[in-house]
């Protein structure tokens, strides 16, 4: 397998780490109490994460690989079974297999923009399915989830998808860029789709879904 991106070896500033630590602890406590997250709450968590990225602003796409690294993940491209776009593995024999105890795998055959969305989706499973889950207090037990195409009907898959959409295509920025694209393309829908896909570096399919979600 090969890394999607050759990550920097730089250590996170302590203050920035503490901000994520507080967020992680808040999510852990909610998950321990089996909290059901609203879409607004998920969007707020995505916003908090984006606000803690040095140098990030709404004029650029979400650096999702960097975010995954900030949460301790190593991200790989690899050969996955047909129909699978991604996997997340934490603890258990993960380090023995991959050299790291927290990994996200994406299907190297998928287009890059879709790979980015899958990383965000799997990170959503970590935040809302792993943190605070007593089933995984024993680090000998592996936490894993799989992104299977067209099988996102369960509550946990819907939550992960909502998080992925919110962090990859933040509503405020998405609406603004839609208006920019609409003006530049004289309302041409295909132009709008291509513009937004390129700007947010997500698939056209994700863009079309997001347009419906933010009611444009």
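The values are calculated or read from the model by the stated rules, or taken from the named source; none is laboratory data. Quick caveat, the model's predicted, so the values are computed rather than measured. Positions of Cβ are backbone-derived with ideal geometry, glycine not excepted, and every protein chain shown enters the neighbour counts.
The table that follows gives values for the structure above.
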| item | result |
| --- | --- |
| Any chance residue 103 is in the same structural domain as residue 75 (by TED's automatic domain parsing), within 16 Å of residue 164 (Cα to Cα) and without any contact (Cβ under 8 Å) to a residue 60 or more places away in the chain | no |
| Residue in region 173-184 that is touching a residue at least 60 places away in the same chain (Cβ under 8 Å) and in the same structural domain as residue 43 (by TED's automatic domain parsing) present | no |
| Matching helices (runs of 4 or more DSSP H) fully within region 1-106 where at least 3 residues are at pLDDT below 95 and under 27 Å from residue 199 (Cα atoms) | 64-70 |
| The listed residue being in contact with a helix residue (DSSP H, G or I) (Cβ under 7 Å, 6 or more places away or on another chain) and surrounded by fewer than 19 Cβ atoms within 10 Å (Cβ to Cβ), out of 121, 125, 152, 176 | 152 |
| Residue 86 vs. criteria in contact with a strand residue (DSSP E or B) (Cβ under 8 Å, 6 or more places away or on another chain), crowded, with 17+ Cβ neighbours inside 10 Å and in the same structural domain as residue 143 (by TED's automatic domain parsing) | yes |
| Test: residue in region 180-191 that is crowded, with 20+ Cβ neighbours inside 10 Å and more than 18 Å from residue 205 (Cα to Cα) | no |
| Single match in 163, 143 (criterion: in contact with a strand residue (DSSP E or B) (Cβ under 6 Å, 6 or more places away or on another chain) and in the same structural domain as residue 57 (by TED's automatic domain parsing)) | 143 |
